[in-house]
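Participant: My questions will all concern the structure given below.
The values are calculated or read from the model by the stated rules, or taken from the named source; none is laboratory data. The model shown is predicted, which means the values in this text are computed figures rather than measured ones. Here the Cβ is made from the backbone with ideal geometry for all residues, glycine too, and neighbour counts use every protein chain on show. SASA here: full protein model, heavy atoms, side chains in, ligands and nucleic acids out. Shrake-Rupley method; radii C 1.70, N 1.55, O 1.52, S 1.80 Å.
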Amino acid sequence: MAKRSNKEQSLQDVLQDLYKKNKLEDGLLKVRVRELWFSELGSGVGSRTEVVDFRRDTLFVTLSSSVLREELLLGKQKILTMLNEKIGYEAVKKLELR
């Protein structure tokens, strides 16, 4: 049986401890980055996005439009900054557009 602790903790701290103990942080971050890609870049980009995959510190995005890919390459740093601001720390360091 688990040992009970008498110290008070906020719900946020308890959930973070739970994520760490069960090694769920990476999976949750993958889901969060994917959701942010579609919500922050809008339906125009989202409808032309085929695959969004986040591994380690790199976001891999496959697009169906080469013109859109070139446009997004011009704003690559801005996209990285926006995503990291929404996440709260620098989780995404590289963006690979395919």
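Participant: Run through segment 7-42 and list the trypsin sites (Lys or Arg not before Pro) located in a DSSP loop whose Cβ has at most 10 other Cβ atoms within 10 Å.
Facilitator: Loop-located and lightly packed - 7, 23.
Participant: Hey, in the GNM for the chain with a 10 angstrom Cα cutoff, which one of 61, 33, 14 fluctuates hardest?
Facilitator: Comparing 61, 33, 14 in a Gaussian network model of the chain, the most mobile one is 14.
Participant: I've got another one for you. Once you have the Cα-Cα distance between residue 43 and residue 14, take 0.36 nm times their residue separation minus that, and quote the gain in nm to one decimal.
Facilitator: 6.9 nm
Participant: Oh, and also: Find out how many positive minus negative residues lie around residue 64, taking Lys and Arg as positive, Asp and Glu as negative, among other residues whose Cβ is under 13 Å from that of residue 64.
Facilitator: +2
Participant: What is the sum of charges around residue 76, taking Lys and Arg as +1, Asp and Glu as -1, for the other residues whose C-beta is under 12 Å from the C-beta of residue 76?
Facilitator: On the way: positive: 69, 78, 93, 94; negative: 70, 71, 96.
That works out to +1.
Participant: Which GluC sites (Glu not before Pro) in segment 65-98 sit in a loop by DSSP (not H, G, I, E or B) and have at most 16 other Cβ atoms within 10 Å of their own Cβ?
Facilitator: Here the GluC sites (Glu not before Pro) that fit, given the DSSP loop and packing criteria, are 90.
Participant: Now, a different point. Kindly work out what percent of the DSSP beta bridges joining two residues of the chain are antiparallel, to the nearest 5. Provide the component values of the computation, followed by the final result.
Facilitator: Numbers: 6 of 10 bridges.
Antiparallel bridges make up about 60 percent of those DSSP assigns within the chain.
Participant: Taking all protein chains as present, what is the carbon and sulfur share of the accessible area of the chain, in % to the nearest whole number, probe 1.4 Å?
Facilitator: 49 percent
Participant: Where is the GNM fluctuation largest for the chain (alpha-carbon springs, 10 angstrom cutoff): 36, 18, 68?
Facilitator: With Cα springs under 10 Å in the chain, the top fluctuation among 36, 18, 68 is at 18.
Participant: Please list the radius of gyration and Dmax for segment 12-98, considering alpha-carbon atoms only, with Å as the unit.
Facilitator: That works out to 13.9, 46 Å for Rg and Dmax.
Participant: For the chain, what is the accessible area per residue in Å², given a 1.4 Å probe and the full set of protein chains?
Facilitator: Roughly 77 Å² per residue, with all protein chains present.
Participant: Can you spot the lysines whose alpha carbon is less than 27 Å from residue 93's alpha carbon? Ignore those fewer than 8 places along the same chain.
Facilitator: 20, 21, 23, 30, 76, 78
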